[in-house]
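Novice: Have a look at this one.
The values are calculated or read from the model by the stated rules, or taken from the named source; none is laboratory data. Remember, it's a predicted structure, so these values are computed and weren't measured experimentally. Heads up, the Cβs are rebuilt from the backbone with ideal geometry, glycines too, and the neighbour counts pull from every protein chain shown.
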Amino acid sequence: MIFHIFTIFPEVFKEYFNTSIIGRAQKKKLIKIKVYDIRKFAKDKHRTTDDRPFGGGAGMVLKIEPIIKAVSSILNSKFEIRNSKFIILSPAGKKFDQKMAKSYANKYENIILLCGHYEGIDERIKKIVSDFGFRISDLSIGPYILTGGELPAAVVVDTISRHIPGVLGKEESLEEIKGSYPVYTRPEIFEYKGKKYRAPRILLSGDHKKIEAWRKSHSKSTFV
């Protein structure tokens, strides 16, 4: 799986993607993450990537030229558009969820993520990208407004990557069936300001059937 991220703030991703599970997955070559700086494809000396919206109104709009040039730069003879998904991160998009992440991980070889900013992107970009042959989706990670699409892009990469075989140490970590239950670790009893906080005894019993039943009964949510 290769993730292609188009952004005007490429420096945002470096630390997160080079650590923990995502960092290890890249070292094992299970995934590859490529980040493209849209500003490098701007034609003027100031590397301008935004402009005022036609018709007036607040904010700025990401320009069409640098984005189309940036996307075009990856379309060589080895790139298979039919095995690719083009995602535009937008607060107006469909809510991204676990089911979608699993589907994308199983279905596509390339995930392209365009990070929106300001008031959004020039709408004509979608038409041209569609003409390239891409399947396009506008996605949001929740009912709130963020400064840009960089954080949502990181969320999408992380969530999809977890469904790629070998990325996680244990498949159970996906929690698709069991849901999210309370977890505890050593010490068994923690004392703080004269009060003792004990881990549930059943988790130390060694009775796996009872432990499984306890976890199921205490599950907070179930992913599908």
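The rows are residues; the columns are (1) more than 17 Å from ILE125 (Cβ to Cβ); (2) among the aromatic types (Phe, Trp, Tyr); (3) assigned by TED's automatic domain parsing to the domain that holds VAL129.
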position: PHE13; (1), (2), (3): yes, yes, yes
position: ASN18; (1), (2), (3): yes, no, yes
position: ARG39; (1), (2), (3): no, no, yes
position: ARG47; (1), (2), (3): yes, no, yes
position: ASP51; (1), (2), (3): no, no, yes
position: GLY57; (1), (2), (3): yes, no, yes
position: ILE68; (1), (2), (3): no, no, yes
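For every residue, the table says whether it meets (1) surrounded by 12 or more Cβ atoms within 10 Å (Cβ to Cβ); (2) of a type in the set (Asp, Glu); (3) in contact with a Phe, Trp or Tyr (Cβ under 8 Å, 6 or more places away or on another chain).
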residue: ILE5; (1), (2), (3): yes, no, yes
residue: PHE13; (1), (2), (3): yes, no, no
residue: ILE22; (1), (2), (3): yes, no, yes
residue: LYS27; (1), (2), (3): no, no, no
residue: ILE33; (1), (2), (3): yes, no, yes
residue: HIS46; (1), (2), (3): no, no, no
residue: ASP50; (1), (2), (3): yes, yes, yes
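Novice: Determine, yes or no, whether ASP131 is assigned to a helix (DSSP H, G or I), within 27 Å of LYS220 (Cα to Cα) and either acidic (Asp, Glu) or not assigned by TED's automatic domain parsing to the domain that holds LYS32 (or both).
Specialist: no
Novice: Here is a further query. Restricting attention to region 134-177, and to residues there that are more than 14 Å from the chain's Cα centre (by Cα), part of a loop (DSSP other than H, G, I, E, B) and among the charged types (D, E, K, R), which single residue is modelled with the lowest pLDDT?
Specialist: The residue in question is GLU176.
Novice: Which residue pairs have Cβ atoms closer than 9 Å, lie 6 or more positions apart in sequence or on different chains, and pair a first residue in region 124-152 that is of a type in the set (Asp, Glu) with a second residue that is modelled with pLDDT of 95 or more and exposed (fewer than 15 other Cβ atoms within 10 Å of the Cβ)?
Specialist: If the second residue must be modelled with pLDDT of 95 or more and exposed (fewer than 15 other Cβ atoms within 10 Å of the Cβ), the pairs left are ASP138/LYS94.
Novice: Now, a different point. Can ILE81 be described as aliphatic (A, V, I, L, M), assigned by TED's automatic domain parsing to the domain that holds LEU151 and over 17 Å from ASP122 (Cα atoms)?
Specialist: yes
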